[in-house]
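The values are calculated or read from the model by the stated rules, or taken from the named source; none is laboratory data. Every value quoted in this text rests on a predicted model; they were computed, and no experiment measured them. Glycine also receives a Cβ, built like all others from the backbone with ideal geometry; neighbour counts cover every protein chain displayed.
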Amino acid sequence: MSVRQAVLDQMRIVAEQQRKTLKPLADDLLLLESGLDSLCIAIVVANLEDELGIDPFAGGDIEMPTTLGEFIALYENAAR
Amino acid sequence: MPPARRSLVEITLASGRAGRTIGDETNRIDLADLAVHTNLAEPREASRGRAVLLRTRTQLPTVLALLALDGIARRVLLGLPDLKAEHLAGVIQEAGVDDVLVPPSLLRRDEPAPADRSVETEWILFTSGTTGLPKMVAHTLASLTGPLDDGLAVVPGSVWSTFYDVRRYGGLQILLRALLGGGSMVLSGADEGVGDFLARAGREGVTHISGTPSHWRRALMSGAAHRMAPKYVRLSGEIADQAILDNLKAAYPGAEVAHAFASTEAGVAFDVRDGLAGFPVSYVGPSNAHLTAKGVELRVKDGTLRIRSTRTASRYLGDCPALGDGEGFVDTGDMVERRGERYYFLGRREGVINVGGQKVHPEEVEAILNRHPAVRLSLVWPRKSPITGAIVAADVVLRDPAADFAAVRQQLLDACRASLPAHKVPASLRAVASLPVAESGKLLRPHA
């Protein structure tokens, strides 16, 4: 499974668990307008670390992602 | 003879500057109007010497009522919107509340200013407790304004704002800076998204703004951070790591980025303005002239930060232990570690988990997990998060290691969701073979 798919799947899983309605997922969608709040995104990040073994935030020296596209790119770059 | 006490509204109006306002997303009040108007249904004199609980959903009506009643009421309790109905009777009894007021957002009563505003009103702040009654911490205007004497307070024409609710200590500090320093105040809205709030802050020309690191991460992620251009950006309430400090400096290149250490009980102890995480070792001990001049002394004992300060809250209300030790130092419960010439924050000693500024006591979550018949033992711990600082993680030891954990896991999460707010529900939940126990017989609690 691609990194992109893993990110999208986790967003759907967490949205369902937290009873949030997810907007259609497009790269230019603002993360905080996706229907997930910051707690949900924190859970997505933790789940992705468990699943992919990647924590792109660990280095500290990154820009906070604003769009879904940037968020996915963060994981794709870290997976390389 | 000591100088006569001046009330909050008297000090607020003393600057004499015109055009100062306080407002939220729907209302804006000219501060000069406070000289004659109140938002109370009864004359202010009706509250003389009484203990008043303010219980409004939004912040503005509580702030206006506080301005009307400071110096007149014996005690003003700044109720939080999450004060549960089932705790109301206990709060009323414990704090000796005479009246519960639910004032509106707009000024309407026109009455002459009271002649006597000399009562040393106690301001009661609520802090998040475990399950039972929220703790109530007693402050006075003097203990709350002590921390403001740091050169930031009086900046003419400043427009202050905060992501915090000003009924909480971190937000109240900002409100007082605005009111006492001759500035205006922009309150965050109860139902306002972070992007809308940032855009409004920009429109209203906010110059000074504060929030927790989690508030700020959310602001940076919103894509709307550039909608305002503050001169001063402040972080408090959680550990400010180097990444968030650097990100804010990049987002607001013209701004001073400072982080402050404060707790409801100990008051604001110090702020750090060099752009680096942690604080200099020189802050600790009786010889720091900068801090001692402000009546603050820091001590590190048993790995936690202790603060002695004239800004310390007077006491807890009700049946709670004394705030300070024999020498007047308050144990903040925040663990620090020295690396080189700096101290860095490690997390809370008792394991309180700070999820985006909301506290979670591990025991309250463990109590629910342990109720499940398949669970022998559980440990709830703070898992580090780059988004909210920490999230709640749980390890459980099953009675029967061969049990179907997937099914148990789902039941545990369902049980937690049924009785806890979302930020307290474990975000990760694992089965483990055993949990480490200290010699004291207590679970060893790791730190974030």
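The residue that is farthest from A:A6 (Cα to Cα), counting only those in the stretch A:55-67 that are surrounded by fewer than 20 Cβ atoms within 10 Å (Cβ to Cβ) and among the aliphatic types (A, V, I, L, M), is A:I62. Just one residue in the set B:P114, B:P61 is part of a loop (DSSP other than H, G, I, E, B), assigned by TED's automatic domain parsing to the domain that holds B:M185 and touching a residue at least 24 places away in the same chain (Cβ under 8 Å); that residue is B:P114.
Does at least one position in the stretch A:18-32 carry a residue that is surrounded by fewer than 20 Cβ atoms within 10 Å (Cβ to Cβ) and polar (S, T, N, Q)? Reasoning before the result, please.
First pass over the stretch A:18-32, keeping only residues surrounded by fewer than 20 Cβ atoms within 10 Å (Cβ to Cβ): A:18-30.
From the residues that got through so far, the ones that are polar (S, T, N, Q) too are A:18, A:21.
Yes, there is a match, as at least one residue in the stretch A:18-32 is surrounded by fewer than 20 Cβ atoms within 10 Å (Cβ to Cβ) and polar (S, T, N, Q).
Only a single item in (1) within 14 Å of another protein chain (Cβ to nearest Cβ); (2) over 23 Å from A:E16 (Cα atoms); (3) crowded, with 21+ Cβ neighbours inside 10 Å is not met by B:S378, and it is number (1).
Determine if the stretch B:187-195 includes at least one residue that is crowded, with 21+ Cβ neighbours inside 10 Å, closer than 27 Å to B:V355 by Cβ, touching a residue at least 12 places away in the same chain (Cβ under 8 Å) and away from chain A (no Cβ under 14 Å).
First, the residues of the stretch B:187-195 that are crowded, with 21+ Cβ neighbours inside 10 Å: B:187-188, B:194.
Still in the list and also closer than 27 Å to B:V355 by Cβ: B:187-188, B:194.
If we keep only those that are touching a residue at least 12 places away in the same chain (Cβ under 8 Å) as well, we get B:187-188, B:194.
Filter once more, keeping what is away from chain A (no Cβ under 14 Å): B:187-188.
Looking for residues that are crowded, with 21+ Cβ neighbours inside 10 Å, closer than 27 Å to B:V355 by Cβ, touching a residue at least 12 places away in the same chain (Cβ under 8 Å) and away from chain A (no Cβ under 14 Å), one finds at least one in the stretch B:187-195, hence yes.
Of all residues in the stretch B:350-362, those satisfying the criterion of being buried (at least 17 other Cβ atoms within 10 Å of the Cβ) and more than 14 Å from every other protein chain (Cβ to nearest Cβ) are B:G351, B:V352, B:H361, B:P362.
Selection of the stretch A:68-80 for residues being in contact (Cβ under 8 Å) with a residue 24 or more places away in the chain and surrounded by 19 or more Cβ atoms within 10 Å (Cβ to Cβ) yields A:L68, A:F71, A:I72, A:Y75.
What helices (runs of 4 or more DSSP H), lying completely within chain A, carry at least 2 residues that are within 12 Å of chain B (Cβ to nearest Cβ), under 28 Å from B:L276 (Cβ atoms) and at pLDDT 90 or above? Lay out the reasoning, then the answer.
Numbers: elements: A:3-17, A:38-52, A:68-79.
It comes to A:38-52, A:68-79.
Note on the stretch B:11-58: residues that are more than 18 Å from B:W160 (Cβ to Cβ), of a type in the set (S, T, N, Q) and outside any loop (DSSP other than H, G, I, E, B) total 2. Looking across the stretch B:404-431, the residues that are surrounded by fewer than 14 Cβ atoms within 10 Å (Cβ to Cβ) and part of a loop (DSSP other than H, G, I, E, B) come down to B:D404, B:P421.
Inside the stretch B:200-209, can you point out the residues that are small (G, A, S) and within 15 Å of B:A251 (Cα to Cα)?
First, the residues of the stretch B:200-209 that are small (G, A, S): B:201-202, B:205.
Listed by number, the list holds a single entry, B:G202.
If you go through the stretch B:199-214 and keep only what is within 14 Å of another protein chain (Cβ to nearest Cβ) and crowded, with 24+ Cβ neighbours inside 10 Å, you end up with B:G211, B:T212, B:P213, B:S214.
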